[in-house]
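These notes are about the structure you will find just below.
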Amino acid sequence: MFASARLRLPHLPSVLLTFLAVMLIVAFFAGIGAFATERTKSLATTMAIFVIACNGLAFLYGRSGLLSMAHAGAWGLGAYAAGIASEDYNVPMLPVLGISLMLGAAFGLLSALPSLRARGHYLLIVTFIITVLFTITVKNLGDFTGAHNGFLVLERPSLLGWRLDSTNEFLGLYSSLMGVSIIAFWLLNRTRFGRLLVVIKENEDLARSLGIATMRMKFIAFAISGAFAGLSGALLTFHLRFLAPDFFGLDAAIQLTLIVLIGGAMNVTGPFFGAMLVVFLPELLSFSPNTNTGVNGVLLIAIMLAMPFGMTGVVGQIRSEGRRLWERLRGTGSSTLSGEPTH
């Protein structure tokens, strides 16, 4: 009966751990909103934007095993769509978010095409080329996109009559949307669709022999990933109120990938911890933009080689080893009390 349900009911400890993690994240942003400086609040808002974008990429990579650097292009498309729609055509914020989400999904579908042939590092290279082509296109569209110089978004956004004027208001809205996205992907991971993606990742030939439409599933995963990147891009536009093509090139592609790899793609809280390091660490160490780019590149290679499952993956491994050790010790103690030999 329950095997055919579309949403798998998780074990209670999993629910409690996820609830605790979300509460800690909420407390983190509430503390920043109450006590931090304006600069720190702005960085926390940027961090929430990164988390929303990287939740989609983490879902794509963690569930299907496909790591795409075209995510930065979908991010940029959502950002430019929001800027042009709101500044040139006075479209309200809520419809703009919907437009950016749909365009991001369409870009995700486009970037899924290389996955028909390419795998692994070859897929990374091809999808990175898609991002490069996006930035080149933006630079050559003249006044429509501001070309190389970018353009300003002068109008302050308002959502359902709520005008976002202060840093606290942006932080409150964006951190709330981030929390909703974390819960959404936590639920999506437990659907039949999420579980079938893992089957495809583990053995695509077997999945195909079982009648699973593997290509369709991958395309849907790319579309979901791109949709959240587009939404995040729109939020970035309203936060920064300025756009330039270089925001969405090599640096963005590396940053988004690095956040997912540092935090871990198999846990929905991974992008949060990855974004925290990528956003706040350069600020604490006072890195210049060029130094930050170089450090991110080195970290990306190091994480892929030394810690492929990210921070949350390492914590999960430690927890599993601790559980096994506890069970072994408990079994040894039980055997001793019962008078049975322990060897």
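The values are calculated or read from the model by the stated rules, or taken from the named source; none is laboratory data. These numbers come from a predicted model, not from an experiment. In this analysis, Cβ positions are derived from the backbone assuming ideal geometry, glycine residues included, and neighbour counts consider all displayed protein chains.
Laid out as a table, the results:
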| item | result |
| --- | --- |
| Candidate set: the stretch 135-189, residues that are charged (D, E, K, R) and at pLDDT 90 or above; chosen: the one farthest from LEU60 (Cα to Cα) | GLU169 |
| Whichever residue in the stretch 100-131 is buried (at least 17 other Cβ atoms within 10 Å of the Cβ) and among the β-branched types (Val, Ile, Thr) and, among such residues, is farthest from MET217 (Cα to Cα) | THR131 |
| Residue within the stretch 147-154 that is touching a Gly at 6+ places or on another chain (Cβ under 9 Å) and under 30 Å from LEU24 (Cβ atoms) present | no |
| Meets criteria (over 17 Å from PRO245 (Cβ atoms), among the hydrophobic types (A, V, I, L, M, F, W, C) and at pLDDT 85 or above) for ILE99 | yes |
| Filter pass, ALA36 being without any contact (Cβ under 8 Å) to a residue 60 or more places away in the chain and more than 30 Å from MET215 (Cβ to Cβ) | yes |
| Qualifying residue in the stretch 84-95 (condition: crowded, with 19+ Cβ neighbours inside 10 Å, out of contact with any Leu (no Cβ under 7 Å at 6 or more places or on another chain), hydrophobic (A, V, I, L, M, F, W, C) and assigned to a helix (DSSP H, G or I)) | yes |
| Residues within the stretch 239-254 that are surrounded by fewer than 18 Cβ atoms within 10 Å (Cβ to Cβ) and under 18 Å from ILE125 (Cβ atoms), tallied | 2 |
| Unique residue being touching a helix residue (DSSP H, G or I) at 6+ places or on another chain (Cβ under 8 Å) and surrounded by fewer than 14 Cβ atoms within 10 Å (Cβ to Cβ) when the list is ARG216, ARG192, ARG208 | ARG208 |
| ARG63 being in a helix (DSSP H, G or I) and over 16 Å from the mean Cα position of the chain (by Cα) | no |
| Any chance PHE144 is surrounded by 13 or more Cβ atoms within 10 Å (Cβ to Cβ) and of a type in the set (Phe, Trp, Tyr) | no |
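Condition check ((1) of a type in the set (A, V, I, L, M); (2) outside any helix (DSSP H, G or I); (3) within 30 Å of THR214 (Cβ to Cβ)) across all residues:
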residue	(1), (2), (3)
ALA44	yes, no, no
MET47	yes, no, no
ASN55	no, no, yes
TYR80	no, no, no
LEU97	yes, no, no
